[in-house]
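The values are calculated or read from the model by the stated rules, or taken from the named source; none is laboratory data. Just so you know, these numbers come straight off a predicted model, no measurement behind them. Side chains included, ligands, DNA and RNA excluded: accessible areas come from the protein's heavy atoms. Shrake-Rupley method; radii C 1.70, N 1.55, O 1.52, S 1.80 Å.
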Amino acid sequence: MEQKIHQGRNVKRFREMLNIKQEALAYDLGEDWTQKKISILEQKDVIEENLLKQISAVLKIPVEAFQNFDEEQAVNVIANTYSFQDFKDNAVASGFSYQPTFNPVDKIVQLYDEKIALYERMLKEK
């Protein structure tokens with residue numbers, strides 16, 4: 001049985017990962033958008049391509065991520081790709097070691113600055 005990818009749920013996942021509220025996304029999408037419309041959008045199985053492109057530009061995430069991301073498939077890939085030994089070798093007392101290729105603190109500062117800029121734009125509008 002083929003599982004369908006829920007594009008609205010993917011928009012919500014990525015929006016939440018970026019710590020962006022529905023109101024902020026609505027603001028960035030334009031005057032026609034409200035928090036309620038974003039909520040309804042996130043419940044849709046399929047979202048129109050041109051709208052996905054707009055959301056992609058706002059969130060800075062490729063359109064393909066919304067169209068193709070399936071959490072269950074991702075878990076299966078991870079489970080089938082890594083053996084217990086891989087996790088054991090990287091394990092530390094609190095779980096397992098995460099070794100990013102970027103500085104996480106720099107990313108947090110960047111996201112914080114973007115969030116502040118967004119709030120300032122929202123305040124100017126009001």
Would you point out the residue of the range 79-121, among those that are at pLDDT 80 or above and among the basic types (Lys, Arg), that is least open to solvent (accessible area, probe 1.4 Å)? Lys115
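Select from the range 15-70 the residues that are of a type in the set (Lys, Arg) and open to solvent by 30 Å² or more (accessible area, probe 1.4 Å) and write down the one among them that is nearest to the chain's Cα centre (by Cα). Give the steps one after another, and end with the answer.
Here is the first cut: in the range 15-70, the residues of a type in the set (Lys, Arg) are 15, 21, 36-37, 44, 53, 60.
Retained after the next criterion (residues that are open to solvent by 30 Å² or more (accessible area, probe 1.4 Å)): 21, 36-37, 44, 53, 60.
Working: Lys21: 12, Lys36: 19, Lys37: 18, Lys44: 16, Lys53: 14, Lys60: 9 Å.
Checking each candidate, the answer is Lys60.
Restricting attention to helices (runs of 4 or more DSSP H) lying wholly within the range 1-78, give those where 2 or more residues are under 27 Å from Tyr119 (Cα atoms) and modelled with pLDDT under 85. Steps first, please.
Details: elements: 7-17, 22-29, 35-41, 49-59, 63-68.
Correct list: 63-68.
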